[in-house]
1. Contact list please: Cβ distance under 6 Å, first residue in the stretch 68-85 and surrounded by 14 or more Cβ atoms within 10 Å (Cβ to Cβ), second residue among the hydroxyl-bearing types (S, T, Y), pairs at least six apart or on different chains.
2. State whether one or more residues within the stretch 139-146 are surrounded by 14 or more Cβ atoms within 10 Å (Cβ to Cβ), small (G, A, S), out of contact with any Pro (no Cβ under 8 Å at 6 or more places or on another chain) and closer than 17 Å to A67 by Cα.
3. Just checking, how many residues over the stretch 98-125 are aliphatic (A, V, I, L, M), open to solvent by 20 Å² or more (accessible area, probe 1.4 Å) and assigned to a helix (DSSP H, G or I)?
4. Say whether the condition of being under 26 Å from G180 (Cβ atoms) and touching a His at 6+ places or on another chain (Cβ under 6 Å) is met by at least one residue in the stretch 87-105.
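The values are calculated or read from the model by the stated rules, or taken from the named source; none is laboratory data. Source: prediction; values computed, not measured. Here the Cβ positions follow ideal geometry from the backbone for every residue, glycine too, while neighbour counts run over all protein chains shown. When the accessible area is computed, the model is the full protein with side chains, heavy atoms only, and any ligands, DNA or RNA have been set aside. Shrake-Rupley method; radii C 1.70, N 1.55, O 1.52, S 1.80 Å.
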Amino acid sequence: MTAADRAAILRSPTIRNAPTDPGLAVHAPQRIPPHNDAVLHSQAVAFVDLPVPAPQSVQQARAHLTARHATGVDEFLWEARKRPLPDREAIDAVIAAGDQALRGAGDSPEPVDVAAALVVLSTARLNIDQTEARLLNTAQASGMGFEQIAAVLDLSVEEAEERYRRLKPRLDEPAATPPGAARPRGTGTRRQRGPARDLPTWDGLDDEDWGPRTQGAQ
């Protein structure tokens, strides 16, 4: 997907799974058709790994969330050193805003905030997967076999081996370094990336680009 295609999708007024009737609220519950057990257990239904966001997009998302939600020392560090919030704290800040809105204690978070949090979550998941893959490499280098690894993780040997096979390729993904952390060594061969793309910035998107804002429950 090109930068132009992504920008067009982001600016589209249509939200996936949103009702088409303009008289309905954007967050009206949508009926999910029941699944047949045979479909649920078929090979066609499988866990899908999310695409890895470009490091530049992650940096923009972190900057947006920090400028919106940092307080106290975190706000000072952002203003003085441009140090963003830790990923988990930035994500939790958006979730907390949503929880407060559900309790009627404030407005629901802007859709652009939620979108930025989803991008940060994707790279946080990648960082955890890479950490686990490196730790499993360390376990094997220390003399542990998959029988021992499986026992520690409470998995079967086959499940432990399959987990390692799925995680190991993620070492080659270009992860955005977590705020305040040095990039670890030995993360595998980094993919060659082309020239920097002209990606849309979070702050460059208007609130209308993400759909109408809903007020907290009264």
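1. W78/T66; P84/T66; L85/T66
2. No, the stretch 139-146 contains no residue that is surrounded by 14 or more Cβ atoms within 10 Å (Cβ to Cβ), small (G, A, S), out of contact with any Pro (no Cβ under 8 Å at 6 or more places or on another chain) and closer than 17 Å to A67 by Cα.
3. Summing the residues that are aliphatic (A, V, I, L, M), open to solvent by 20 Å² or more (accessible area, probe 1.4 Å) and assigned to a helix (DSSP H, G or I) in the stretch 98-125 gives 6.
4. yes
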